[in-house]
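Novice: Have a look at the structure that comes next, please.
What follows draws every value from the coordinates through simple rules; no lab data is involved. All figures in this text were calculated on a predicted structure; none of them were measured in a lab. Glycine gets a Cβ as well: all are built from the backbone with ideal geometry, and neighbour counts include every protein chain shown.
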Amino acid sequence: MIYHGNRFTLRPDASPEQVEEALESLRNQGRVIPSVKSFVVGRDFGGDYEWGAVFAIEDLDGYWEYLMHPAHRNTDRVGLPLVDRFASFDVTDDPDPEMGAKIAELHQRRYDNDAELTSLISDLGEYSGSAAPGKHGSASATVRE
């Protein structure tokens, strides 16, 4: 099982309506993407971020389905423009020592084939984690523009 998580802080100028639209889009991902087995979206406590989401996905094929699903793309479109700081992480019980690199490669393949997404990501104030573009497997990579 792979638990894919996101932690984020929104820009101060994000309206309450925009915030709710983005959070509802995250919740919708959990409801409609077939490979998502369970999920949680809500306030992030005990860290440096305001919000968080975690999606449980069985395997890499399911992870790719999750990444490419239109519901996920909608969250990118409505949510990323509101984000200031973003961190992604993955926790897995899979014994494959290359799993981190394989997950990062899925994200990189997605960025390589989606110029609009890459532009949205480059506008973030801070982006760290295994999914950060060009940072395969690096849990401490940070993109700053």
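Novice: I need to check one value: relative contact order of the chain, counting alpha carbon pairs closer than 8 Å and at least 6 residues apart, in percent. Before the final figure, lay out the partial values.
Specialist: Working: 269 pairs, mean separation 38.2, N = 145.
Relative contact order comes out at 26 percent.
Novice: May I pose another question? Which of V19, V83, V36 moves the most in a Gaussian network model of the chain with Cα springs under 10 Å?
Specialist: Largest GNM mean-square fluctuation: V19.
Novice: What are the radius of gyration and Dmax of the chain, computed over its Cα atoms and given in Å?
Specialist: So, for the chain, Rg and Dmax equal 14.1, 43 Å respectively.
Novice: Relative to the Cα centre, what is the charge dipole magnitude of the chain, using +1 at the beta carbon of each Lys and Arg, -1 at the beta carbon of each Asp and Glu, and rounding to the nearest 20 debye? Walk me through the numbers before you get to the answer.
Specialist: On the way: 14 positive and 26 negative charges, 22 e Å.
The dipole magnitude comes to about 100 debye.
Novice: Based on the Cβ-Cβ distance from V91 to A14, what FRET efficiency comes out when R0 is 22 Å, to the nearest 0.05?
Specialist: 0.20
Novice: For the range 90-105, list residues with backbone N below 13 Å from a point placed 7 Å from the Cα of Y3 toward its Cβ?
Specialist: 90-94
Novice: Follow-up question, since we're still on this one. Given the options G100, G42, G129, state which has the largest fluctuation in a GNM of the chain using a 10 Å cut-off (strictly under) for Cα springs.
Specialist: G42
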